[in-house]
């Protein structure tokens, strides 16, 4: 990642990171502290391991009275809204209530959305329509709906929102079983199952690039009122992604295409016990045009291979999980019979 110098808002801001203790949040907090900002994190626990210079505020994101009370009492200059409740969902109402509790002195509200907010499709630009409120997928509904509310506030009162729409995010501290899923199998010398032929478009963003872009959104005045796509510029497919992971690990990938229809008929799951292509990865393709984040924020995404090397170095420091390969073995056996 390369960051060009542009006019900054200055150090010493009072900043809150909602959901700042994991993955993207940790990377953002690290950068904010290094730049001299006064940082607090809001999460469910009464402690964190981010260092003594980072204050801890305890609240459940869904407890709007508690969150609102903390925001009104503290009066932060900038708020990073990263938390999403994967069990109950984080609704547009909850995001709007949090934003409105920030008060008039707020300089920036950075909201972590997703490329999923567009709905499936290729080559989305930031001004493309977002998915409608009645879309059946709750996550898509919540992210798109929250963005609509925040930008409506911007149009009505100048509320200083900036949103980011990353695709799948990878890198050290990955909380989902994604890159690790493939590295476990590659190191064990196992075939990697490709749904159909692995030709679906697969978009990724490096956690460090996402974090740097978010912090730049606080420093660059022109970021207010803007949405940004962020991710690697290299076009990839599911097959490309597996081959890049294999190169990062220094091994050859044995690829085993299996019809997606056969995988689903056998009980394959995108999340659960019968994983076949990582956790929540085999989804309809989403891709975006990546130009604005460099032009406005001065952030050039890290080359994919370099970013994956950093992720693999972290992966090698982690304990291996026990893996049951029985479902994949059945798929591979059925594939061999059908050939």
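Any residue at all in region 53-69 that is at pLDDT below 95, closer than 30 Å to residue 304 by Cα and surrounded by 14 or more Cβ atoms within 10 Å (Cβ to Cβ)?
Scanning region 53-69 turns up no residue that is at pLDDT below 95, closer than 30 Å to residue 304 by Cα and surrounded by 14 or more Cβ atoms within 10 Å (Cβ to Cβ).
Could you pull out the residue among 65, 93, 49 that is part of a loop (DSSP other than H, G, I, E, B), out of contact with any helix residue (DSSP H, G or I) (no Cβ under 6 Å at 6 or more places or on another chain) and in the same structural domain as residue 144 (by TED's automatic domain parsing)?
Selected residue: 49, the only one of 65, 93, 49 that is part of a loop (DSSP other than H, G, I, E, B), out of contact with any helix residue (DSSP H, G or I) (no Cβ under 6 Å at 6 or more places or on another chain) and in the same structural domain as residue 144 (by TED's automatic domain parsing).
Given the criterion within 28 Å of residue 119 (Cβ to Cβ) and touching a residue at least 40 places away in the same chain (Cβ under 8 Å), identify the matching residue among 309, 288.
288
Tell me the strands (runs of 3 or more DSSP E) entirely within region 137-205 that contain at least 1 residues that are crowded, with 18+ Cβ neighbours inside 10 Å and within 17 Å of the chain's Cα centre (by Cα).
Here the list reads 161-165, 168-170.
Can you name every one of the strands (runs of 3 or more DSSP E) wholly within region 219-305 that holds 2 or more residues which are over 20 Å from the mean Cα position of the chain (by Cα) and surrounded by 15 or more Cβ atoms within 10 Å (Cβ to Cβ)?
255-258
The values are calculated or read from the model by the stated rules, or taken from the named source; none is laboratory data. What you see is a predicted model; the values in this text were computed from it and never measured. Heads up, the Cβs are rebuilt from the backbone with ideal geometry, glycines too, and the neighbour counts pull from every protein chain shown.
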